[in-house]
Amino acid sequence: PLQDKSISLYQRFKKTFRQYGKVLIPVHLITSCVWFGTFYYAAIKGVNVVPFLELIGLPDSIVNILKNSQSGNALTAYALFKIATPARYTVTLGGTSFTVKYLRSRGYMSTPPPVKDYLQDRMEETKELLTEKMEETKDRLTEKLQETKEKVSFKKKVE
């Protein structure tokens, strides 16, 4: 799911969460803290973000809140943090991919079985299950047929 470009970034994030939740959550928390800390540091140092926000086409209502108020550094950092969400998710997915590879190489995470072997095993299990069901059905039908034959032959003898 990490490199699947056919689905959206958010869908990849959700799919990765389902598969690697124990790894993705800490990676996301750490990267989010770094992102917010970086934006907060920039706000403290006096970086003027209003021209950037206007450049990317943010609505005037949001830009004016940051422009005309003494909102503080935290609000400025939070606004940039929210704007950077696609980049944050991309970094989280990349960090998760790197972390999973690292943990597998160190033996902390099991390597998933090769897809071909996994599918082959599943097909064999399904085949066995279907064969059993078919045998059961065949036996039931044979019994019913035998009962019906006995009833028909009994009626003929009575007549």
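Maximal additional length on extending the Lys15-Ala42 stretch stands at 6.4 nm, based on 0.36 nm per residue less the C-alpha distance. Here the chain is assigned +1 on the Cβ of each Lys and Arg and -1 on the Cβ of each Asp and Glu. Its dipole about the Cα centre then comes out at about 120 debye.
A simple spin-label model places the labels of Lys151 and Ser71 8.1 nm from each other, with each point 7 Å out along Cα-to-Cβ.
Shape summary: the chain maps onto an equivalent ellipsoid whose semi-axes, from the alpha-carbon gyration tensor, are 66, 22, 11 Å in decreasing order.
Label point of Phe98 set 7 angstrom out along Cα-Cβ; within segment 17-47, amide nitrogens under 19 Å from it belong to 17, 20-39. If you build a Gaussian network model of the chain, linking Cα atoms that sit under 10 Å apart, which residue out of Tyr40, Tyr118, Tyr78 swings the most? Highest fluctuation of the listed residues: Tyr118. Dividing the helix sum by the residues of the chain, where each DSSP H run of 4 or more adds -39500 (n - 2.57), gives a mean residue ellipticity at 222 nm of -27500 deg cm²/dmol.
Remark: the Cα gyration tensor places segment 78-155 in the prolate category, a/c being 1.5 or greater and a/b exceeding b/c.
For the residue pairs Lys45/Lys82; Lys82/Lys116; Lys14/Lys116; Lys15/Lys82, the alpha carbons lie more than 30 Å apart in Lys82/Lys116. Placing R0 at 22 angstrom, the Cβ-Cβ distance between Met134 and Ser110 gives a FRET efficiency of 0.05 after rounding to 0.05.
Quick note: the coordinates plus some simple rules give every number you see, no bench work behind them. All values reported here derive from a predicted model rather than from experimental measurement. Quick reminder, even Gly has a Cβ in these numbers, built from the backbone with ideal geometry, and neighbours come from all protein chains shown.
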